[in-house]
Amino acid sequence: MKRSWYATPYALWMLLFAVVPLLFVCWYAFTTPEGAFTLSNFQEFVKPRYLGVIVRSLKLAVYCTVLCLLIGYPTAYFLAGRDFNHAQSLVVLILLPMWMNLLLRTYAMMTLLDDNGVLNAALTALGLGKITVIGTEGAVVLGLVYNYLPFMVLPIYTVLKKMDYSVIEAAEDLGCNPIRVITRVVIPMSVPGIVSGITMVFMPAVTSFAISTLLSNGKIRLAGDLIDYIFNQSSNPTRWNIGSSFSLIMLVLILISIGFLRKVDPDNEGGGMW
Amino acid sequence: MVKNTRAAKTFRTVWMAVLMLFLYAPILIMIALSFNASVSRSQWTGFTLDWYVKLFNDPAILGALKTTIEVAVIATIISTVIGTLGAIGMHSMGSGMTNVLINVSYLPMTTPDIVTGVSLMLMYLFCHVPLGKWTMIFAHIAFDIPYVLFSVMPKLRQMNPNLYEAALDLGCKPLQALWKVIIPEITPGIFTGALLAFTMSLDDFVISYFTSSDMYPNLSRIVYSSTKLGVKPTMYALSTLMFITILILLVLVNRRTKLENL
Amino acid sequence: MKKLAIVLLVALLVAALSAACLAEADKPFAGTEIKVYNWEDYIDREVLNLFEEETGCHVNYVTFSQNEDMYTKLSTGAESYDVVIPSEYMIERLIKEDLIAELNLDNIPNLENVVDSMRDPIYDPGNAHSIPYMWGTLGIVYNTEMVTEPVTSWTALLEKHNGKTFMMDSMRDSLAIGLIVNGYDLNSDNAEELEAAREWLLAQKDSGVLDGYILDQAKDMMAGNEAAMAVMYSGDALYAMEKNDALAYVIPDEGSNVWVDGMCVPKSAQNKEAAECFINFMCRPDIARMNMDYIYYSSPIRQVAENLSEEEMASTAMSPTDEMLERCEFYIDISTFENGWLYDDIWMDVLM
């Protein structure tokens, strides 16, 4: 038996449980419940309700990505610093929450931000008034950032760590001040990491499910919640078809951003995750 | 990086401290509250283990714990076998074919979880397979395999390519050569892959949510449905235990590879 | 001596074990299992243990949070259950779609215990498919310290209060409020009336007075003074009121929904006989009382209903007066209505 045959179970399994299911999504997305070809499932999304959800998801995911970048870049930059002693353990500490269950992290966030939660208890103790956070878009964005920040730090850190230090020294020797070194040398050279980080935060944020509902008492729902509603609650007879077309739209959005990533970063230099 | 002044260094320390606070305050608070005698989230009324006792007396949670472990163990074993064999097989193929097959592995890693979950659910329901434990296990195997594959592949590349041929020349049958020569060489990779797969399986919520039923809830599903009932201290206890389990597993993985390489 | 003691001990244990086994075999459903699918937080778990002890039948207990959730699970055939406990309009739909089986009433002699007014209901003539489990009303719970004016109308949900206001994450209940407040029937099949309800619900969401659409967590929020007002079922209301004296429950003057949750056996049930035995067990007065004490809903079992404490008799939530019930209505199944699809359409608009 040739050794290449050992890959057969792998190929079969991935075909059956990764490729074929996606074909089902495509098939349902383009058919009526009776099985006839149609594009009408996609017309649904011109309705303000669906457009609204997509726009809201995109908006909050963009906020989340920008915040992650603003927090994540300096963090990765500091961690990659040569004279930073505890960098190694800090990297592990920052990445650790990434392995924690999404619900668990969201649950922790709820506890912190709740009206009767720890944050408000602390504010009251300090003599400041209570603030309502849960239920606002701010809470949702905060929850998303909390969940996805490590995905931004990791690729940028990887790229910065690999950077050729002599280039920076050359810039300094040629009379660049530190700010200019950062803006003209460090940042341009870390673009692959940034792009990778943006994709890795934006993708899960825009398709996130449950986080938003939990942090807003059900008031702010995102694309993932809509998909959940369509499949698990709606009594519309075409719900599988509409749900599939919506899932397909999300998938295409993601594939476009991956294509974009590949274009900016063809060698997958910033790809810490895959 | 750019040379740092004293002020810059102080700024860096403060930045990191605030970041750590942001990342860990919620988790630490949750762990602390799991030992709080009062249900209240804003008052500490004394230390108790009651919530843990309650946790272990709740049949629903125990059942979910059993399901979670069962699913993770079965999925890990099967995906480790399939993934390892797949890596070995692909290692001996032409690069063109290997590329195609590896790209298939990127699919579950790049597809959003919710789409993966929905797609599997559609397939199961179309084939009239009732959702339950096994539908969840099959889905877990599918998303676990790539982790095994990507842990084993580098080890195979590091291996001396002549070892296998040498074993055959010395009279080993192919299966013997596989078992006696290749497997021992790549064991660390297999272990890392298996541990990663196990962690991923324990951790998963979205895909399990769509591919299983209320009848066989795993722990994440229990956490999810109890969020609808409001925040409960038993859930803090459960979260604490889940966090510590993941922590231990990661320490194990980390001892094999550097976490940052994963 | 020690060895002897151990031998004796072992002999004793074996004897005890075999006795247990014998007793086990005597039980009618020893070694079998039923799957029960019920609402979240809607039973005293101790009841399940008692049932298991008495019959030897193991209960696999699973919960759902909305009728619609339960329906999708049941109708896609994704799962098979032996007992499900949906509300009246959903029972009507399940009967229409042939998803629940006719009960063998010979196996449920305790149907006798059900009060006459709950027997032979319009949604299921002759109790052929369902036996009532609990009943209650839909109303508003409010904190009298935060809302000082007595609440009498659903329009209170459009006013800004000194605290949070919550609607229910439930299609029929929210739509019912939208219809009633506009003066229409809560089972409307009229597109114009439904559009009015849509407008009201959307206006409510956009007005900024509403803090969310939630389910069971509302009771803890009300009990913990975290919210001023919430739409709630009577039993949840009573649960919150037990914990917080400042709370009041009202069935608004415009009218509301009175509902019954019934125990049914799906067509796909694996163990129908044990399922009927379970239903019969739940109709036993002592068991019904246990459940009622735990979940605070009103039991349809005569021996329980006739022996309420004075406090329970006086409670709007537990024992609404005839005059209050007069203005309440059952939901009826809208799935076969001409404009029934609008319910789902509107609710998605509101949620998303």
Among the residues of region B:221-249, which ones are in contact (Cβ under 8 Å) with a residue 40 or more places away in the chain and polar (S, T, N, Q)?
B:THR234, B:SER239, B:THR240, B:THR245
Under 26 Å from C:ARG45 (Cβ atoms), aromatic (Phe, Trp, Tyr) and free of Cβ contacts under 8 Å to residues at least 40 places away in the same chain, is that true of C:TYR133?
no
Only one of B:TYR124, B:TYR106, B:TYR164 is part of a helix (DSSP H, G or I), over 15 Å from the mean Cα position of the chain (by Cα) and over 30 Å from B:ILE222 (Cα atoms); which?
B:TYR164
For region B:111-131, give me each residue that is crowded, with 18+ Cβ neighbours inside 10 Å, facing another protein chain (nearest Cβ under 7 Å) and not aliphatic (A, V, I, L, M).
B:THR111, B:PRO112, B:SER119
Any residue in region A:9-24 that is within 7 Å of another protein chain (Cβ to nearest Cβ) sitting within a Cβ distance under 6 Å of a residue that is among the β-branched types (Val, Ile, Thr)? List the pairs, counting only those 6 or more apart or interchain.
A:PRO9/B:ILE82; A:TYR10/B:ILE82; A:TRP13/B:ILE82; A:MET14/B:VAL104
Scanning for something touching a Gly at 6+ places or on another chain (Cβ under 7 Å), assigned to a loop (DSSP other than H, G, I, E, B) and in contact (Cβ under 8 Å) with a residue 12 or more places away in the chain, does region A:148-156 turn up at least one residue?
no
Count of residues meeting criterion [within 11 Å of chain B (Cβ to nearest Cβ) and among the basic types (Lys, Arg)] in region A:54-97:
1
On the basis of being assigned to a helix (DSSP H, G or I), buried (at least 16 other Cβ atoms within 10 Å of the Cβ) and over 19 Å from the mean Cα position of the chain (by Cα), does A:LEU160 make the cut?
yes
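Conditions tested, residue by residue: (1) closer than 21 Å to A:ARG221 by Cα; (2) out of contact with any Leu (no Cβ under 7 Å at 6 or more places or on another chain); (3) touching a residue at least 12 places away in the same chain (Cβ under 8 Å).
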| position | (1), (2), (3) |
| --- | --- |
| C:ASN182 | no, yes, yes |
| C:ASP189 | no, yes, yes |
| C:LEU194 | no, no, yes |
| C:ARG198 | yes, yes, yes |
| C:VAL209 | yes, no, yes |
| C:ILE214 | yes, yes, yes |
| C:GLN217 | yes, no, no |
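So that you can scan it fast, the table gives a plain yes or no per residue for (1) of a type in the set (S, T, N, Q); (2) touching a helix residue (DSSP H, G or I) at 6+ places or on another chain (Cβ under 9 Å); (3) surrounded by fewer than 22 Cβ atoms within 10 Å (Cβ to Cβ):
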{"position": "B:HIS91", "(1), (2), (3)": "no, yes, no"}
{"position": "B:MET97", "(1), (2), (3)": "no, yes, yes"}
{"position": "B:ILE102", "(1), (2), (3)": "no, yes, yes"}
{"position": "B:SER105", "(1), (2), (3)": "yes, yes, no"}
{"position": "B:ALA142", "(1), (2), (3)": "no, yes, no"}
{"position": "B:MET153", "(1), (2), (3)": "no, yes, no"}
With respect to C:SER170, is the statement that it is among the polar types (S, T, N, Q), under 19 Å from C:LEU325 (Cα atoms) and not assigned by TED's automatic domain parsing to the domain that holds C:PHE278 true?
no
Qualifying positions in region B:32-60 - in contact with a Phe, Trp or Tyr (Cβ under 7 Å, 6 or more places away or on another chain) and either in contact (Cβ under 8 Å) with a residue 24 or more places away in the chain or part of a strand (DSSP E or B) (or both)
B:LEU33, B:SER34, B:ASN36, B:PHE47, B:TRP51
Among A:LEU12, A:LEU22, which is assigned to a helix (DSSP H, G or I) and within 27 Å of the chain's Cα centre (by Cα)?
A:LEU22
Go over the candidates A:MET189, A:MET152 one by one and state the one that is closer than 30 Å to A:ARG262 by Cβ, more than 10 Å from chain B (Cβ to nearest Cβ) and in contact with a Leu (Cβ under 8 Å, 6 or more places away or on another chain).
A:MET152
In this structure, is A:LEU214 modelled with pLDDT of 90 or more and either crowded, with 19+ Cβ neighbours inside 10 Å or touching a Ser or Thr at 6+ places or on another chain (Cβ under 7 Å) (or both)?
yes
For region C:98-132, name all the residues that are in contact with a Gly (Cβ under 9 Å, 6 or more places away or on another chain) and not in a loop (DSSP other than H, G, I, E, B).
C:LEU105, C:ASN127, C:SER130, C:ILE131, C:PRO132
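Conditions (1) modelled with pLDDT under 85; (2) not in a helix (DSSP H, G or I), marked per residue:
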site	(1), (2)
B:ILE190	no, no
B:MET215	yes, yes
B:TYR236	no, no
B:LEU250	yes, no
Looking at (1) buried (at least 21 other Cβ atoms within 10 Å of the Cβ); (2) over 26 Å from A:GLY117 (Cα atoms); (3) among the hydroxyl-bearing types (Ser, Thr, Tyr), which is the only condition C:TYR184 fails?
(1)
If A:VAL140 passes every condition in (1) away from chain B (no Cβ under 13 Å); (2) surrounded by fewer than 18 Cβ atoms within 10 Å (Cβ to Cβ) but one, which one does it miss?
(2)
Looking at this structure, is B:LYS155 free of Cβ contacts under 8 Å to residues at least 24 places away in the same chain and either within 14 Å of chain C (Cβ to nearest Cβ) or more than 17 Å from B:ALA75 (Cα to Cα) (or both)?
no
When you scan region B:16-27, do you find a residue that is within 14 Å of chain A (Cβ to nearest Cβ) and either in a loop (DSSP other than H, G, I, E, B) or not hydrophobic (A, V, I, L, M, F, W, C) (or both), even just one?
yes
How do the pairs read when you match residues in region A:231-254 that are more than 9 Å from every other protein chain (Cβ to nearest Cβ) and surrounded by 20 or more Cβ atoms within 10 Å (Cβ to Cβ) with residues anywhere that are of a type in the set (Ser, Thr, Tyr) and assigned to a helix (DSSP H, G or I), using Cβ under 7 Å and keeping only pairs 6 or more apart or on different chains?
A:ASN241/A:TYR28
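The values are calculated or read from the model by the stated rules, or taken from the named source; none is laboratory data. Everything numeric in this text was worked out from a predicted model, so none of it was measured. With ideal geometry, Cβ positions are generated from the backbone for all residues, glycine too; neighbour counts draw on all protein chains shown.
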